[in-house]
Amino acid sequence: MTASDRAAQLVRVAAEAAGDKLADDILAYDVSEQLVITDAFVLCSASNDRQVRAIVDEIEKRLREEAGAKPIRREGEREGRWVLLDYADVIVHVQHEEDRLFYALERLWKDCPLLELPESVNAHSAQRSRKVGSASE
């Protein structure tokens with residue numbers, strides 16, 4: 001079994017929304033073989049609590065407008081360090097970068113296939129890396 005077409009649509013919209021708010025290290029995993037509760041996970045991070053909230057707000061807005069989807073559950077918003085948005089077919093994790101390093105969800109799901117995301121989703125991270133690399137030369 002692989003992630004449904006609906007899950008793939010939600011993943012793409014969520015990833016693009018996160019990228020538009022400059023989320024870092026946006027990844028999506030097809031977890032449909034491992035879990036019965038969802039088809040895919042989207043992971044991304046931000047450098048501060050305010051950016052985590054901005055990313056979450058943009059993801060919710062875009063999924064509602066472009067895919068007619070509302071989260072069935074939302075957790076962690078008060079602290080603003082790790083917000084989980086549950087859309088049944090897809091679960092989105094927006095984490096503060098320190099929490100992402102500590103919990104390392106990628107390590108837990110490394111055996112699951114990565115879902116392909118549009119190149120534009122992580123384009124800002126690649127640009128930032130090139131600038132940092134050329135500044136240190």
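Details
- Residue-wise HN-Hα couplings along region 40-57, as the Karplus relation 6.51 cos²θ - 1.76 cosθ + 1.60 with θ = phi - 60° gives them from phi, are 8, 10, 10, 10, 7, 9, 9, 7, 8, 4, 5, 5, 4, 5, 5, 5, 4, 4 Hz; Gly and Pro carry x.
- Think of each Lys and Arg Cβ as +1 and each Asp and Glu Cβ as -1; about the Cα centre, that makes the dipole of region 1-103 roughly 320 debye.
- With each label modelled as a point 7 angstrom along the Cα→C-beta vector, the Asp86-Gln34 pair spans 1.8 nm.
- Shape of region 1-127, Cα gyration tensor, a/c cut at 1.5: rounded
- Protection proxy ranking of 107-117, 21-31, 45-55, by the mean of other Cβ atoms within 10 Å over each peptide's residues and highest first, is 21-31, 45-55, 107-117.
- Per-residue [θ]222 nm for the chain (sum of -39500 (n - 2.57) over DSSP H runs n ≥ 4, rounded to 500): -13500 deg cm²/dmol
- Scanning residues 5 or more positions from Val31 or on other chains, those with amide H under 5 Å from its amide H are Ala40, Phe41, with H placed 1.01 Å from N in the peptide plane.
Read-outs throughout are calculated quantities, based only on the coordinates presented, and are distinct from any laboratory measurement. Source: prediction; values computed, not measured. Counting neighbours? That spans all protein chains shown, and the Cβs are built from the backbone with ideal geometry, glycine included.
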